[in-house]
Amino acid sequence: MDFDLAQVRGLSGAEARQRLLVDGYNELPAAKSRSGLAIVLEVIQEPMFLLLIACGSLYLLLGDIQEALMLLGFVFLVIGITVFQEQKTERALEALRDLSSPRALVLRDGSQIRIPGREVVKGDIILLAEGDRVPADAVLLWALNLKVDESLLTGESLPVGKVASSGGEVPLVRPGGEDLPFVYSGTLVVQGQGVARVLATGAATELGKIGKALQTVEDEETGLHRETRRLVKVLAISGLALCVGAVIIYGLTRGDWLAGLLAGITLAMAMVPEEFPVVLTVFLALGAWRISKQNALTRRMPAIETLGSATVLCVDKTGTLTQNKMVVSQFYANGQWLTWRAPGQEFGEAFHEIIEYSMLASKKDPFDPMERALNEFGELNLKGSEHLHPDWTLVKEYPLSREFLAVTQVWQPREREGLVAALKGAPETVIDLCHLSEPERQTISAATAEMAARGLRVLGVAKAELANGQGLTDNRHDLEFEFVGLVGLADPIRPSVPAAIEECRTAGIRVVMITGDYPGTALSIAEQIGLESPRVITGPELDALSDEALAELIGETNIFARVVPEQKLRIVNALKQAGEVVAMTGDGVNDAPALKAAHIGVAMGGRGTDVAREASAIVLLDDDFSTIVSTVRQGRRIYDNLKKTISYIFAIHVPIAGLSLIPILLKWPLALFPVHIVFLELIIDPACSIVFEAEPEESNLMARPPRDPRTRLLDWRTVGLSLLQGLGVLLIVTGVYRYMLVQRGLSAAEARSAAFAALIAANLALILTNRSWHQTIIRRLRQPNRALWWVVGGAAFLLFLVLWVPALQTLFHLAPLNLADQLICVALGLASILWFEGQKIWLARRNGKGEVAGC
């Protein structure tokens, strides 16, 4: 299409102002920000905070000011941290809006002026050149060798060529593919020039549609939160019922309602496991800290719990599996092949010539990633040789065009007479210019096809020499080109990816590649990283599939190619509907909706866009795909230890509650007072929040399949074993109390001393045995846990003080016991978990292994 820029005036200033009033600024709508008060109200509705507030209020009513202030102070601290995190997530759309508003060169009233990108309006004429970021979606009126990097929207690692529109009204189509007459907001011009008319601005652009998709995706409540909410209800009802029942029974049977109220309060303190909210908060916070040590930033702490049950990892190829840059990979010359592996590798003169002339056919400071790769390769591997020519003078350039897919540059050598022409481009164009024989054409075409099948971008290279006085014409066919060879360039995989893929396979995690690139390239990358897929589905094929048909194919397809952002979101949703727990990795704007929709969004921190980072739950700070495996391992370890902790809490509260209730029912003197409960909490709290959180991972952690997301943290097996552990301890401790009180005829204070010593010892035994449900206590002691010995040593020392210091004996309503009785009571407490240790040994022998299989 003929185009004369001088004949174009563009919009007038008045027209632009009017359209700006009607259509609004060329930016994405601001995210619906929430006030700090609104965020606080949301946070305190979480079950863990409700329970913390309830516990603090209860202690306040009981007059235990110190405990109440500690709990309520902890509430406000956690609320402050959570509000900060929540406000940070509100910035996702703001980051996207900033990205979509570059400066723009437009025609207004016949003059070229540069304006803020947010002031571009529909109908504006924009002028584009190398290095410009496109300010709005537009149709090209004129283009000269225009190439645009659209990886931001499509995931394609290579720039795509653009052509001018043939005229008339042309409907805007989605980005992706060569020779489209459209440019899109937020993309980058890497080569050539263009003039375009704006078709869409702001939220109506392709970039804006991604922003709207982000707004419509809602965060989901995790299973741990739902389970905690149910647990709160059960505990509240059970605790209240037992507390009221204890007061009534004591008052009716003994006639002492004041003492009955004290017994009821003690039972209430025993029944309310304040550790639950503390454990949930501490485990998630320390889990996020530990994951940060693995170069991963946790933006949404509930994702830590979900990590352990991830079954599918959706991976964007460009920049995630690959390095998002072009490198020289393979050469072909005179029937010989050379695969490039490392600097310093030996290669012959024929291959030297390929690099020499491909550099001569490239710009010295290019935007184009392939030209950049060729120049970097030559400067690194041909340094000091006669094949580099920094002092040659460029005489003439024959640029790339739609009709001629090759670049020719003619140079004047400094050291000799004559001219040298270098040609590089599409192999079929180079072959045609070299006037090769038919057998030579077929041989080179077969080599080109072989390289393309490996996922390489193939360029043909040729050379020509002109004698003195030979004139240059505009027709490249007048030059006598000699074919030099082929060079293949690739977007290389990250070195750590194959091992990470294998670890995922071992851990039962399925990897799915979702890319905007071509199927051949995707298959080549899949082969290099060890990813198998029975079939490949392309974007157009995906569009043609109904939701029902996609549901049938989603389970057997691990590669999706030529996919656009909306389709990525559809794939993630289809996997979720199939019952999968989906983690999605990505680094571009195009990944943001899928990152937010996935159960776990994992963004690349270095190469990733602000939008991807803000939309994700976890950010990999080192952009290393293998880090995701480390985060999954940490997620599994955290969930394992959380389950051990909850089991321990249930187990230890059974004897505490039982020892508070049984004396009431049997008309014995009270065995426990509030001070005893507080003492036990001094052991239980650090055991839960420090010892179990720091517990090393089990040896079979990454050899198990992912945890079923429908499995509850407190399933029947866990609850059953916890109750059995607790009942075993209750049986021993109650037996000790009864024996000392009835058989031995000791005072209530002396019997209480014996039962209390047995209970503390049994508590420590429960900590030790619940460190692992796979390994015995003795074997598990080989795994270091410094916090364990501080807790055990501290508890033993405090117990010694309570049993031997008269002032403390009075405070704890105890009486002195002889050393033999004390040692027997401690031994009986420790022996209360021997049956569970025996079960571990029996199961290990039954499975023929050194430890129990499964958890």
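The values are calculated or read from the model by the stated rules, or taken from the named source; none is laboratory data. Since this is a predicted model, take the numbers as computed values, not measurements. As a convention, Cβ positions derive from the backbone with ideal geometry for all residues, glycine included, and neighbour counts pool all protein chains shown. Surface accessibility is based on the protein's heavy atoms, side chains included, excluding ligands, DNA and RNA. Shrake-Rupley method; radii C 1.70, N 1.55, O 1.52, S 1.80 Å.
Some points to look at:
- Averaging 1/r over every pair of different alpha carbons in the stretch 360-423 and inverting the result gives a Kirkwood radius of 12.8 Å.
- If R0 equals 45 Å, the separation of the Cβ atoms of Asp543 and Lys364 corresponds to a calculated FRET efficiency of about 0.55.
- The stretch 614-717, dipole about Cα centre (Lys/Arg Cβ +1, Asp/Glu Cβ -1), debye to the nearest 20: 700 debye
- Mean separation of Cα pairs under 8 Å and 6 or more residues apart, divided by the residue count, gives the stretch 390-464 a relative contact order of 28 percent.
- Accessible area in square angstrom per residue, the stretch 509-548, 1.4 angstrom probe: 46 Å²
- Inter-label distance, Ile824 to Arg17: 10.1 nm, where each label sits 7 Å from its Cα along the C-beta direction.
- Full extension of the chain between Leu811 and Glu450 yields a length gain of 121.3 nm, computed as 0.36 nm times the residue separation minus the alpha carbon distance.
- Using 0.36 nm per residue and subtracting the Cα-Cα separation, the extra length available between Glu527 and Thr393 on full extension is 43.8 nm.
- Residue separation of Glu415 and Asn145 scaled by 0.36 nm, minus their Cα-Cα distance, works out to 94.0 nm of gained length.
- Subset of Lys317/Lys364; Lys643/Lys840; Lys325/Lys383 violating a 19 Å alpha-carbon distance limit: Lys317/Lys364; Lys325/Lys383
- With DNA, RNA and ligands ignored, accessible area of His774 (1.4 Å probe; Å², nearest 10): 10 Å²
- Net charge, Ala422 excluded, C-beta distance under 14 Å - Lys, Arg +1, Asp, Glu -1: -1
- FRET efficiency, 1/(1 + (r/R0)^6) with R0 51 Å, evaluated for Ala703 and Leu380 via beta carbons: 0.75
- Given Lys162/Lys596; Lys162/Lys424; Lys162/Lys363; Lys209/Lys363, the pairs whose alpha carbons are separated by over 28 Å: Lys162/Lys596; Lys209/Lys363
- From the alpha carbon centroid of the stretch 339-371 to that of the stretch 492-533 is 28 Å.
- Annotation for Arg341 and Ala694: the two label points, set 7 Å from Cα along the Cα-Cβ direction, are 4.7 nm apart.
- Residue ranking by accessible heavy-atom surface, 1.4 Å probe, largest first, among Lys396, Lys363 comes out as Lys363, Lys396.
- 16 Å reach of a label modelled at Ala467, 7 Å along Cα-to-Cβ, counting backbone N of the stretch 414-432: 417-420
- Filtered trypsin sites (Lys or Arg not before Pro), the stretch 632-681: DSSP coil and at most 13 other beta carbons within 10 Å: Lys667
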